[in-house]
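The values are calculated or read from the model by the stated rules, or taken from the named source; none is laboratory data. Computed from a predicted model, the values in this text were never measured in an experiment. Don't worry about glycine lacking a Cβ; one is built from the backbone with ideal geometry, like all the others, and counts go over all protein chains shown. Protein only, heavy atoms only, side chains kept; ligands, DNA and RNA dropped before computing areas. Shrake-Rupley method; radii C 1.70, N 1.55, O 1.52, S 1.80 Å.
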Amino acid sequence: MSARENLASVLNAIRESCRQAGRPADAVSLVAVTKAWSPEAIRPVLDAGHRLFGENRVQEAQGKWPELKTRFPDIRLHMIGHLQTNKAADAVALFDTIETVDRPRLAAAIAREQARQNRRIDCYVQVNTGEEPQKGGVEPGGTESFVAHCRGLGLSVTGLMCLPPVDQEPAPHFALLANLARVQALPCLSMGMSADYGAAVEQGATHVRIGTAIFGPRTAPRPAAPA
Ligand SMILES: *Cc1c(COP(=O)(O)O)cnc(C)c1O
């Protein structure tokens, strides 16, 4: 199957999950995750009209998106990977949303860059729902105070994001994140990937981040996805 056909079937599956969950058909936005894929591989998805994309590394994103953005000015880019503080300037310049705000130093760096670049982006706070030591994200219990801290710095915090532990049932993690967003009246909820987006939509995701189900497996060396 081509990336274009895969995109159509993922969009259909999302709509079907919405219907089953009793949510509006347009309640969920698809963030097409293009990490490891070339502009040539991405192009069929752009030609199909898709405009919302996610990348997990600033440098890689800088190598492909500025040029694509000049050709398709309505592209929206989400940063979904761990963000080093020293990359905050580049991230604020390139991305429309940073989904992985998870510590005070990073929040301060983003705030500083927003002021310096006279640019305002959306921020989600990443929550480490599984409290895994090796993973980024604030602890669930610290979410509310960290959101307040970020807002105090001038960040526009509009949502939460999580990456459940790989070896656990994801649904309870999605439910936890949804509950944290609900009590703080945060409208955006980024959760669910290729393997588990149905469960995420059921639990209230507003953004699902999907790479493999659209572009195929990411294997090195990375060929262009079939058109
Ligand atoms: C790579 C990645 C995804 C997409 O994963 P797939 O399994 O390819 O759909 C989603 N979220 C994050 C944070 C990622 O790094």
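Global dimensions of region 111-224 from alpha-carbon coordinates: Rg and Dmax equal 15.6, 44 Å. Computed over the chain with a Gaussian network model linking Cα atoms closer than 10 Å, the most mobile of ASN128, ASN118, ASN12 is ASN118. Computed over protein heavy atoms with a 1.4 angstrom probe, the accessible surface ordering of ARG120, ARG151, largest first, is ARG120, ARG151. Along its first, second and third principal axes, ordered by size, region 1-59 spans 39, 26, 16 Å in Cα coordinates. What separates the Cα centres of region 21-57 and region 119-137 is a distance of 21 Å.
Overall size of region 109-175 from C-alpha positions, given as principal axis extents largest first: 42, 20, 19 Å.
Between THR212 and ARG112, the modelled label-to-label distance comes to 3.8 nm, taking each label 7 Å out from Cα in the direction of the beta carbon. Counting only protein heavy atoms and a 1.4 Å probe, the chain has 46 square angstrom of accessible area per residue.
Working note: Debye formula, equal point scatterers on the alpha-carbon atoms of the chain, no solvent; log10 I(q)/I(0) at q = 0.08, 0.14 Å⁻¹ is -0.27, -0.87. In this rough spin-label picture, where each label sits 7 Å from Cα along the Cβ direction, the GLN62-VAL183 distance is 4.0 nm. The apolar share of the surface of the chain, taken as the fraction of accessible area on carbon and sulfur atoms (1.4 Å probe, ligands and nucleic acids excluded), comes to 50 percent.
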